[in-house]
Structure formats: structure tokens, C-alpha cells
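J.: Just dropping this structure here.
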4 protein chains.
Amino acid sequence: VEKLVGEWKELGAEVFINVCTTEAFVPFESKEELIKAIEEDNKERLTATQVYVYAAAKYAKEAGGAAFVNAIPTLIANDPAFVELAKESNLVLFGDDGATGATPLTADILSHLAQRNRYVKDVAQFNIGGNNDFLALTDKERNKSKEFTKSSIVKDLLGYDAPHYIKPTGFLEPLGDKKFIAMHIEYVSFNGAVDELMIDGRINDSPALAGLLVDLARLGKIAIEKKEFGTVYPVNAFYMKNPGPKEMQNIPRIIAYEKMRMWAGLKPRWF
Amino acid sequence: VEKLVGEWKELGAEVFINVCTTEAFVPFESKEELIKAIEEDNKERLTATQVYVYAAAKYAKEAGGAAFVNAIPTLIANDPAFVELAKESNLVLFGDDGATGATPLTADILSHLAQRNRYVKDVAQFNIGGNNDFLALTDKERNKSKEFTKSSIVKDLLGYDAPHYIKPTGFLEPLGDKKFIAMHIEYVSFNGAVDELMIDGRINDSPALAGLLVDLARLGKIAIEKKEFGTVYPVNAFYMKNPGPKEMQNIPRIIAYEKMRMWAGLKPRWF
Amino acid sequence: VEKLVGEWKELGAEVFINVCTTEAFVPFESKEELIKAIEEDNKERLTATQVYVYAAAKYAKEAGGAAFVNAIPTLIANDPAFVELAKESNLVLFGDDGATGATPLTADILSHLAQRNRYVKDVAQFNIGGNNDFLALTDKERNKSKEFTKSSIVKDLLGYDAPHYIKPTGFLEPLGDKKFIAMHIEYVSFNGAVDELMIDGRINDSPALAGLLVDLARLGKIAIEKKEFGTVYPVNAFYMKNPGPKEMQNIPRIIAYEKMRMWAGLKPRWF
Amino acid sequence: VEKLVGEWKELGAEVFINVCTTEAFVPFESKEELIKAIEEDNKERLTATQVYVYAAAKYAKEAGGAAFVNAIPTLIANDPAFVELAKESNLVLFGDDGATGATPLTADILSHLAQRNRYVKDVAQFNIGGNNDFLALTDKERNKSKEFTKSSIVKDLLGYDAPHYIKPTGFLEPLGDKKFIAMHIEYVSFNGAVDELMIDGRINDSPALAGLLVDLARLGKIAIEKKEFGTVYPVNAFYMKNPGPKEMQNIPRIIAYEKMRMWAGLKPRWF
């Protein structure tokens, strides 16, 4: 940790972006436990991301401000232990889990149906890819953390927990950085009529995220300037699959976008 | 016209809903020309819908208030002649063309992409059905009026006119009231990477509209009570493919929904 | 076993159809081991299906002929132990695993591409349903037996083992007897050009099988009359996901259909 | 004509491949009328393709043998006038309309359903592209000739004329040489259960054809060697949308492939 902080000082780092591979982790919930684990150098308990955030907090305290963007599923902006630490340390936390690919699209389509009083019967969403992220997900433990991240959107957006199967499905090496997503939504429109949507996509995984990270780096600087330490829901709600803090829910991305613009001092585009 | 007005008086009608089959029409633009055509009983110039709205305005003036919901493509809420007439006559106009099926879904998906800075290369949207509405569209003239209604959403939502092919495509009798829609969207995500979405749906046409009409009837009563005569953009923006008045654009439906709720005195759901 | 044989004698049964839920099983390979397990009443080693086939063989020997249709993944027509037993016992065996839904369609589409010299880069096929069959597949052991059945088609039809992910993916209760299938095939056409197919289906699971079982019952009677005891490849190749005997491969269903017609004494339809 | 024949002689041409843009044409049916039009140099009556075939026949007669591959919709191998002329002139005719993209896939999928006794309720197939071929199809006359070519497969393969909408749908410039195809098939499986397939594809148009043309050039040489002048159904049935001669029908491509192999002296792959 000390070594990292030292290096960062030399570099004059401002915004840290965490895009390491999905980890198996357990949230801390309490700052005391987190600090205890760090002090004991408890390698069983801590993941790389958790250590990095701790180091970033330490750095931010000394440097007078920094931002950490957690683009992976490990709960950071949703872990009260880290949010508390960040507030005390001049650290901005954006997280958790960069919202690319199928999940935000599913979110907006479910909102679309909810607004028309469609009753969603069930949702199935598959995705398969060929990069390291998908390879890691074949590991049961890690897949579980991913699964946890995503399943709340259905309830958050529809207002009821429509039966759903939404999880990364497999690894297929020749797809490389592309992923194939398939979605099936069955819903009741009016008077019992049942409609169906089937949505397929072939999406380049890394560029989808990279575009968002460029935005998030800029927003990190804005947050430092505004001294909004801790975590920033209006940013997380648009960019993250699991927007922190813990007590906040998913909202339709299209609306989150306007909130994020307003937070950043921009005019809303349509509202 | 007199006869209609008389009948409506006996019934104490409040909200008129127009769902007749797509017509070939020409907007009036000026109230004087409209009245001239009515006085001359110019059957070449006037469509059934245009006559009905005129009668509804006459009725509303005498009854002290009424609402007319135009759920078909004939431009009414987008025709300044009718909006002016409605304002003077205590008539609420909702229109034009009830937004069911593929168009509002396309709208929300395009907004979704725009918000992530995806550059849309092209959009193809097909739809085919087996009811009278699709049969009528095989008639060139009528199809043209439909086509006109829909093509503005791409530019309104993306901010540039991405090449697109969006129109009712054919009639296939055994589909009956169901319609099949297919959509292909090709876009650039980041660093030149090209992604693709392919969306298919099988949708019951009439129930999709019926649910909206129930809402619109209630909103019509609210507008009469609020004495908002003329046309009401916050309602049209959510419910109509071509929201009047003429000078107003399409906005993402998910945002229009919140504006409509706020107009109706309800709390926004997510904003 | 004795009791079953007795009951069947009273009924004068001719064709047995096995549609029980997917089992965890191990093939026997040798007739001696099979008979030993039966004699020892080894309930750990034997599945319900394996016992039923043994009983059917016993019955067939006494009755002078019978047929057993194995519509589930347990290897019977692909287990040399059972094929040998059937030949000695006047039993016709059709199997294994009734080919409904996505697998035969995938088979024909892969054949279609192979015939045009398309080089298939990868195949992903998902399916999800809400009936007991899908529920059983959430059990790891059982899913494994299903997986084994299906994966050979890619190599059999393309001539090389294109990377693929083809397995039942999940259980979603409200789908009931319907299943949703999604398929993504990426292939090289000519001069390096890469094409993609995305195929979605919503299929009623039981009726798809029921139609085939009616055919198979009739074909069972034909086989008894022809005294073709053991297993019948021309029937299996069209109707079964894993056509027995063990040493035989999958061929395109469209061709298998003609072979099956010719075996049954019918004129080929197109050949 | 004389000039063309002269040039070809110098080149020692053997196989002609016609891939010009879709034309508006009328078949001749009688050789006399064809020759009359040529002699009168009737430019109103003759298309470029028709003149080329006439020239190729003339050349073949002098050279002792040649082949003409008609990869566009103009009826040549289906026009008895040209087939008669070809027979007398040592000319091999393959045609008409190279089967790439959606049509042969639809053919195999319909065969797949027919073999399982599925009753097809309706078929919708759309396709849109951005190359000159699609641009030409926006011309009403030319689109009509394309439409004529394709619609027979449904009846040929199913045995009844299931209602269908199968035609090139539009032009969308940024797609370039790619085309997007979408297909919806609704069918009854058993006991009234209705299933649906939705198939989307993004296909490179020219490479799909180019691969076939390489094959056809080789097959043309084989036919010349075998002295099979006139038209060759086993080749046409696999490679052409509208396989000549006129009186022959479409058969499933997967079976046509085996027939073609056998005609060419190769072992069938699966039969």
C-alpha cells in the first residue's frame, strides 16, 4: 500500500480506474473490519480491488482529492465501509460494475414496458463472449458475484419481481472481444393479449466500456472539483449496473442520463 | 355535422376517440381554408376525420368543453388550422397517431444509444400484419401518410438524420391482429468498433392501442377540467407517434412519460 | 420386472414409449454387466429406463415381438449391451432422445452452411423453458447427460469440431411448456467475409414431441412386422438427437427423412 | 453479336458468367420469336442478358462447346426458347438467379418443417441492402421480376401455398454490400399448438455469390466435357433460386446438393 501511494504521488494521479477481472469477494459493511483486515494483511479476506481502494483513499487524503472508478462487480460504492472511508479521505467513488452491453438495454426496455402498463411475465437474457471476462465467469464463485449485481434491475424498474433469468451464460473462445446477447421478454399488453420481444445483439465488449471510462474520468475530475467525496448517485445511476450507495435503486438509464447531466452542470437534453 | 352535434348533445359526450382506418389527406394549415371547405361541403378536400374534428369543435363550444383523441395518422394536432379552431371552441386535441408497436420502442432504443454517444449508422425497421390497418397501407396513397408520420423520430432523437428505412412493409392475412416487427440497427461504439442490434417482436396490435386509449380518455377529462384547450404536448409526446403541435419534436418516451405524469398532477415515477 | 411383464401380457402391448424425465445414468456397454446388475437388483447402478428396457426385452421374447421408443437422453440404442439384448429378444429399439426443438434445426442449418463451403467459426445455442424437463436440467448431473447427447452434431455435420456452446441453459417457470431458443452462428463465406445468423424461436415443447411419438409408434409396428430387431438407424437418424447404434453419426435431418421413408417402404419425397 | 463472338474466339472463352444488375424482361418461350427479335435488332424487346446468351450460343456452336451461367433473375434456363437454342448450339445453360442469402435458407427451413408435419401458417421474409442490386430493386419493374422468381419455393416445398410475403424490401445505402434479412415463420406443430421462428441475418452479399460462381465455373467445364448441352437441373436445383428448366420445381437444397454431387461424379456426402 505504501509503495502504491508513493508511486501515485510521483505521478500526481487524479482518477483511478479499476477494470480488473471479476473477483470472488465479500463486502465489509463496517469500516472497522476493513481496517482490521488491512492491518492484519489478511490476504484471504481482501481482494485486489479492495486493497486498491484503500490505497487510493490514503493517497487522496494526502493529495487533497482523487477519484476511484470501480468498473467491476466487486461492491465498493455499495459497501458502506468504503463509502465512509472515502468521505473522510477526500476520495470520490464511482461504482459498481460498468453498465455496458445487455443490462442497461434491458433496463430501458423494461422501463418502456412498465410505462405502458405492460405486465411482464418473464425475462430471459443470455450472453456469451470470448474474452477473459467471460472466461473468468465460468468459475462458479465469480459468476455468482456477477449474478448478484444484475438481478435487482427487474424489481427496481417494474415494481414487482417478474421471474427472470439474467446471467452471463458461457464462454466461446472464437468470439474474442465480441459478445452475443439474446433476450426474450413475454408480457401482457391489454385484455390478456400476450406479446413477445426477442432481441439479439453482437456487441464489441471493450470499446463499449472504454467509451464510458473516458466519460467517467472527466466526471471524476468534476467531482473532485465539486468536493463531492464519498459516492455520487447521479453518476452511478447512469454508468453502473449496480449504482451505489447501497440503499439506492436502479432507475431507467434514459432518466439517469438527464440527472447525470444536471449534476455535471449541463442542461438536460430532453427534460 | 348538425346531426352529429345533435346526437352528441343527447349523449352528453365528453371524449371522442378517432380510430378509423388510415386516410389519404392533406393538412389545411389555415383555419379560413378549413372553414371554407366545410361550408362548401367539399368532399374531395375533406376526410372523415377532418369533418369529425370540426363537428367536435362545434359541439365543444356549445357544451362548454370536450376532448378529441386522434389516434390515426391524419394530421390534426399537427395542423395549425385545427389547433386554432380547438382553442376557440373549448376543445382539447390529442394527436396524432397513437404510438403503439415498433415506433416508440425504436424511439427509446435510439435514445439509449444517443446517450452513450453511439453513432448510429443505419436503422431498418419492417413490420407486417394481417388486419385492416395493414390492408389499407398496401394502398400507396395511404401508406405515404403513414410514412410521413414516422420518419421524424430518427432526427429528433439522434440529432442527425441517420439513414433509415422505417415503414409498414406488407400485409399477410393469417397474421390477423398480430404484427411481426423486425429491426436492425448498426452503430459505432468507440474507436470504430461496429455493433449490431436485431430486434424482433410479435405484438397484438389492437390491445396495444386499446390500453392507451383508456388512458387517453381519462387524460381527456383531466384536460377539460384544467381547461387546457387546443393541444397538449406533454400528453402527445408520450402517446403519439407524431406529437402535436407542429413545431414540437419527438423526445424519448421514457422522459415524455414523466412529463405527462407531472402534467396530470402525478408524482414523477423516477425523476 | 416380472410384474410389469405380466401386466403388459394382459394388455397385449406392442410399442412402449419412454418419456420419463431426464435421468443421471451410466451406460453398461456389456450385456453381462447389465444382467448382473439386474440380478443383484442394484438400484444404485440402474435407472428406471434401463430396468424398463430390460422388462420390455423379456416381454418381447415371450410375446414374439415388441418395440421400445426411448425419447429421453439415457443411452439405450447407443448402449451395445441393450442393442445385443434387443436383438436376441425380438425387441425393436428406437433411440436415443427425441429430436425436437432446437437441435434438429441447428443440424439442418449447419448442413446448409457446410454444403455452401461456409466455414463455421462458432455456434452458440441457448434454450430455456418452464416445464419439468427444464427443471430437472438445473440438476448438474442430469444436465451433463443432456449435454453429452447433443454435442456430437457439430462435428458430424461440419466435418470439423467448430467451437460451440449448445446446452439447455435455464429454467423459467412462467414459460410453462413453451421454450425460448436463441442461436448465434458466425461463419466465413468467401474471401474472409464474416456473416452472422441469429435465430430465435418460441416453441411448444410437448406438442413438438407428441407429433413425433405418434409417428414412432407406427414405425415401431412396421419394424416388428419387418422383424428388424435391435436398433434401426434410418429411423433413429431422423427422429433422435443421438441416433443409435453407438458407431453411427448424425446426418442432415432432411436427408435422414428420405432414408426413413425409404426404409418404411414409402417413396422418397424429393430424392 | 458478331463482335462479341469474335472477341471470345480470340480469348478461347469456355464459361460465361452473367452477373449484371436485375433487368426488366419478358421471356420469349418460342425460339422463332427470339430469333426474329435478334434479326430485327429489337432493342425494346431484348435485354442485355438475352443478347449475351444468344451470342454465347453462336460462339458455342463454332467453338464446339461453352457454358453460360445466368446468376440474375432474367429467365434463361427457364425460357424454353433459350434451352432449345442451347441444345442445338453445344451450349450449357445454368440458371436462373444465383441462390444466395435468404432464399435457400428459407427453402431448407421450410423443408425442415414440412418433414415434421408442421403446418406453416405464414411466412414473412424481409431483406434490405445497400449495393446496386438493392438500388435497382427500388425500381418497380425490376423488383417485379425478382418477386416472380422467388415466390414458387413455398408451394414447391410445402406442397400447399402457405400465405407468404417474400421480397426484397428496401435500399439503405450505408449497409453497402451487406444485407440484413429478417424472417418470421408461424406454424402449427401438433394438437393446435402454434410455434414461431424469427430469424435474422447479416450477410455479405457479393462474397456469398462469388463462392458459388467459382463452383459453377468448374461445373460448367464438367458439363461441357460431358456434352450435357441445354440446361442441367441437378446443378440448377442447388445453385439457383429458380432452377430451370421451366417445368421443374424447387427441392430442398440439402437434397439438391447430393444430386448435384452425384451428377458431377462425386460420392454423395450423406445419402
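J.: Just give me the residues in segment D:101-124 being touching a Pro at 6+ places or on another chain (Cβ under 9 Å) and assigned to a loop (DSSP other than H, G, I, E, B), in sequence order.
T.: The answer is D:R116, and nothing else.
J.: Of all residues in segment B:191-224 being without any contact (Cβ under 8 Å) to a residue 24 or more places away in the chain, hydrophobic (A, V, I, L, M, F, W, C) and not in a strand (DSSP E or B), which is farthest from the other protein chains (Cβ to nearest Cβ)?
T.: B:V214
J.: With the requirement that a residue be in a loop (DSSP other than H, G, I, E, B) and free of Cβ contacts under 8 Å to residues at least 40 places away in the same chain, what does segment D:13-51 give you?
T.: Passing the criteria: D:V26, D:E40, D:D41, D:N42, D:K43, D:E44, D:R45, D:L46, D:T47.
J.: Quickly run through segment A:221-240 and pick out the residues that are over 15 Å from A:M262 (Cβ atoms) and surrounded by fewer than 24 Cβ atoms within 10 Å (Cβ to Cβ).
T.: Those that are over 15 Å from A:M262 (Cβ atoms) and surrounded by fewer than 24 Cβ atoms within 10 Å (Cβ to Cβ): A:K221, A:I224, A:E225, A:K227, A:F229, A:G230.
J.: For segment A:218-271, how many residues meet the condition of being over 20 Å from A:A114 (Cα atoms) and aliphatic (A, V, I, L, M)?
T.: Looking only at that region, the number is 11.
J.: Hey, another quick one. Residues of segment B:54-76 being closer than 17 Å to B:L212 by Cα and either in contact with a His (Cβ under 9 Å, 6 or more places away or on another chain) or of a type outside the set (V, I, T) (or both), which ones?
T.: B:A67, B:F68, B:N70, B:A71, B:P73
J.: Moving on to the next point. When you check C:K227 against the structure, is it basic (K, R) and at pLDDT below 95, yes or no?
T.: No; evaluated as a whole, the condition is false for this residue.
J.: Could you please give the count of residues in segment C:154-180 that are within 20 Å of the chain's Cα centre (by Cα), within 12 Å of chain A (Cβ to nearest Cβ) and either among the polar types (S, T, N, Q) or within 16 Å of C:A136 (Cα to Cα) (or both)?
T.: The number of residues fulfilling the criteria is 5.
J.: On the basis of being in a helix (DSSP H, G or I) and either on the phi < 0 side of the Ramachandran plot or in the same structural domain as D:P252 (by TED's automatic domain parsing) (or both), does D:F134 make the cut?
T.: Answer is yes for this residue.
J.: Picking from A:A71, A:A66, which residue would you name as being of a type outside the set (K, R) and over 15 Å from the mean Cα position of the chain (by Cα)?
T.: So the residue among A:A71, A:A66 that is of a type outside the set (K, R) and over 15 Å from the mean Cα position of the chain (by Cα) is A:A66.
J.: Still on this structure, I have one more. Looking at segment B:175-191, is at least one residue surrounded by fewer than 20 Cβ atoms within 10 Å (Cβ to Cβ), modelled with pLDDT of 90 or more, out of contact with any Phe, Trp or Tyr (no Cβ under 6 Å at 6 or more places or on another chain) and not aliphatic (A, V, I, L, M)?
T.: Looking for residues that are surrounded by fewer than 20 Cβ atoms within 10 Å (Cβ to Cβ), modelled with pLDDT of 90 or more, out of contact with any Phe, Trp or Tyr (no Cβ under 6 Å at 6 or more places or on another chain) and not aliphatic (A, V, I, L, M), one finds at least one in segment B:175-191, hence yes.
J.: Let me ask something else about it. Can you name the number of the only condition in (1) assigned to a helix (DSSP H, G or I); (2) closer than 17 Å to C:F94 by Cβ; (3) within 22 Å of the chain's Cα centre (by Cα) that C:Y59 fails?
T.: (3)
J.: While we're on this one: Select, from A:L75, A:L85, A:L105, the only residue that is out of contact with any Phe, Trp or Tyr (no Cβ under 6 Å at 6 or more places or on another chain), free of Cβ contacts under 8 Å to residues at least 60 places away in the same chain, of a type outside the set (G, A, S) and buried (at least 23 other Cβ atoms within 10 Å of the Cβ).
T.: A:L85
J.: Hey, does segment C:4-15 have a residue that's surrounded by fewer than 20 Cβ atoms within 10 Å (Cβ to Cβ) and under 22 Å from C:M240 (Cβ atoms)?
T.: yes
J.: If B:A114 satisfies every condition in (1) within 17 Å of B:A162 (Cα to Cα); (2) under 16 Å from the mean Cα position of the chain (by Cα) but one, which is the exception?
T.: The one condition B:A114 does not meet is (2).
J.: Scan segment D:226-270 for residues that are small (G, A, S), in contact (Cβ under 8 Å) with a residue 40 or more places away in the chain and either facing another protein chain (nearest Cβ under 10 Å) or not in a loop (DSSP other than H, G, I, E, B) (or both) and jot them down.
T.: D:G230, the sole residue that qualifies.
J.: I'd like the full set of residues that are farther than 18 Å from B:A107 by Cβ, more than 9 Å from chain C (Cβ to nearest Cβ) and buried (at least 24 other Cβ atoms within 10 Å of the Cβ), limited to segment A:111-127.
T.: A:Q125, A:N127
The values are calculated or read from the model by the stated rules, or taken from the named source; none is laboratory data. The shown structure was predicted, so the numbers you read here are calculated from the model rather than taken from an experiment. Don't worry about glycine lacking a Cβ; one is built from the backbone with ideal geometry, like all the others, and counts go over all protein chains shown.
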